[in-house]
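Structure first, then comments.
The values are calculated or read from the model by the stated rules, or taken from the named source; none is laboratory data. This is a predicted model, so every value here is computed, not measured. Here the Cβ is made from the backbone with ideal geometry for all residues, glycine too, and neighbour counts use every protein chain on show.
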Amino acid sequence: MQISIDVIGLPVAQGSLTRAKFGLRYSNAKQLSSWRTDVVNSLLAARTEDWQNDGAFSVTAIFRFQRPLGHTNKKNLLRKSAPLHKSTKPDLDKLQRACGDSLEMAALIKNDSQICEWIAKKCYCIGQEPPGVHMTITNLNITNC
């Protein structure tokens, strides 16, 4: 059994915890909350009635980011000096953590410890492709792998 979603918007990493007046909170709490809500809503919309949230899961996530303007020339062509891969912030593992928590919040899994396999990538958008994430969640107990 498998669910695939595509969430449009700037992916937000789960930042570091900081002390707040009433306990701990994430340093980017406002942006993270909004991003998680978008991911959770997409997951809930894609969830089928027969989805089983127990067992082991595989998650594939491709995070897309806009290229900085400095990567292209006046003709909007990619400069030779532009990097092929997004090797700058946000950290890939923190993007994964935000998505893992969103899977829990949407009740697609009971706990993110159930994720036995992560295939994750961050890249630049191609052409007019919007920023966001494409995620596929596979229940490994039901699907032969």
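Filtered by the rule that a residue be within 13 Å of GLU104 (Cβ to Cβ) and either surrounded by fewer than 16 Cβ atoms within 10 Å (Cβ to Cβ) or of a type in the set (A, V, I, L, M) (or both), region 38-53 gives VAL39, VAL40, LEU43, LEU44.
Taking the criterion of being over 18 Å from LEU10 (Cβ atoms), touching a Lys or Arg at 6+ places or on another chain (Cβ under 7 Å) and either modelled with pLDDT of 95 or more or among the β-branched types (Val, Ile, Thr) (or both), the only residue of region 54-86 that qualifies is THR72.
For region 54-98, a residue qualifies if it is of a type outside the set (Gly, Ala, Ser), surrounded by 12 or more Cβ atoms within 10 Å (Cβ to Cβ), more than 30 Å from THR138 (Cα to Cα) and in contact with a helix residue (DSSP H, G or I) (Cβ under 7 Å, 6 or more places away or on another chain), and exactly one does: LEU78. State yes or no: is LEU24 of a type in the set (A, V, I, L, M, F, W, C), touching a strand residue (DSSP E or B) at 6+ places or on another chain (Cβ under 7 Å) and exposed (fewer than 13 other Cβ atoms within 10 Å of the Cβ)? Spelling it out, LEU24 is indeed of a type in the set (A, V, I, L, M, F, W, C), touching a strand residue (DSSP E or B) at 6+ places or on another chain (Cβ under 7 Å) and exposed (fewer than 13 other Cβ atoms within 10 Å of the Cβ).
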